[in-house]
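Notes for the one structure printed next.
The values are calculated or read from the model by the stated rules, or taken from the named source; none is laboratory data. Only a predicted model underlies this, so the values are computations on that prediction, with no experimental measurement involved. Don't worry about glycine lacking a Cβ; one is built from the backbone with ideal geometry, like all the others, and counts go over all protein chains shown.
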Amino acid sequence: MSELSAVGPVVLIGAGKMGSLVARRLKAEGCRAITVLNRALVSDLPVLTASLKHADIVVTSTGAPNFVITPENVAETMEARPHQPLFIIDIAVPRDADPEVAAIGGVSVVDIDDLKDVVDE
């Protein structure tokens, strides 16, 4: 069984082609708890923040023109769960996660450029 079966909830932001591909892959790897939010739900800040508070991993791939994951909503999330890390994978172009989010304690952010570097290696 994959290590993903031991991972806590995953929040997938973006229900388009990439989001669907990621959801299928997560499921194939044994991930049991996936919450999918589309851009309309993400624009409802309480829904987004509530979902983030329960996630171990966030994968985001919307076509939003602005950041959907901001220092404000992540700071609120981390205040509610100070000893639980959050890993954000931003595969959107343009980016969904404000780069300043990475400066928040307990939060790790990987974007498409970071993933490209890994593939290149």
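Data table
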| quantity | calculated |
| --- | --- |
| Members of the stretch 1-50 that are part of a helix (DSSP H, G or I), touching a helix residue (DSSP H, G or I) at 6+ places or on another chain (Cβ under 8 Å) and either within 13 Å of T77 (Cβ to Cβ) or at pLDDT 85 or above (or both) | L26, L45, V47, L48, T49 |
| Residue satisfying all of: in the stretch 66-121; without any contact (Cβ under 8 Å) to a residue 60 or more places away in the chain and of a type in the set (G, A, S); surrounded by the most Cβ atoms within 10 Å (Cβ to Cβ) among these | A97 |
| Unmet requirement for V58, which otherwise passes all of (1) in a loop (DSSP other than H, G, I, E, B); (2) surrounded by 20 or more Cβ atoms within 10 Å (Cβ to Cβ); (3) of a type in the set (A, V, I, L, M, F, W, C) | (1) |
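Yes/no per residue for (1) more than 15 Å from the chain's Cα centre (by Cα); (2) farther than 22 Å from L115 by Cβ:
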{"site": "K17", "(1), (2)": "yes, no"}
{"site": "E29", "(1), (2)": "yes, no"}
{"site": "V36", "(1), (2)": "no, no"}
{"site": "A40", "(1), (2)": "yes, yes"}
{"site": "P46", "(1), (2)": "yes, yes"}
{"site": "A50", "(1), (2)": "no, yes"}
{"site": "V58", "(1), (2)": "no, no"}
{"site": "S61", "(1), (2)": "no, no"}
{"site": "H83", "(1), (2)": "yes, yes"}
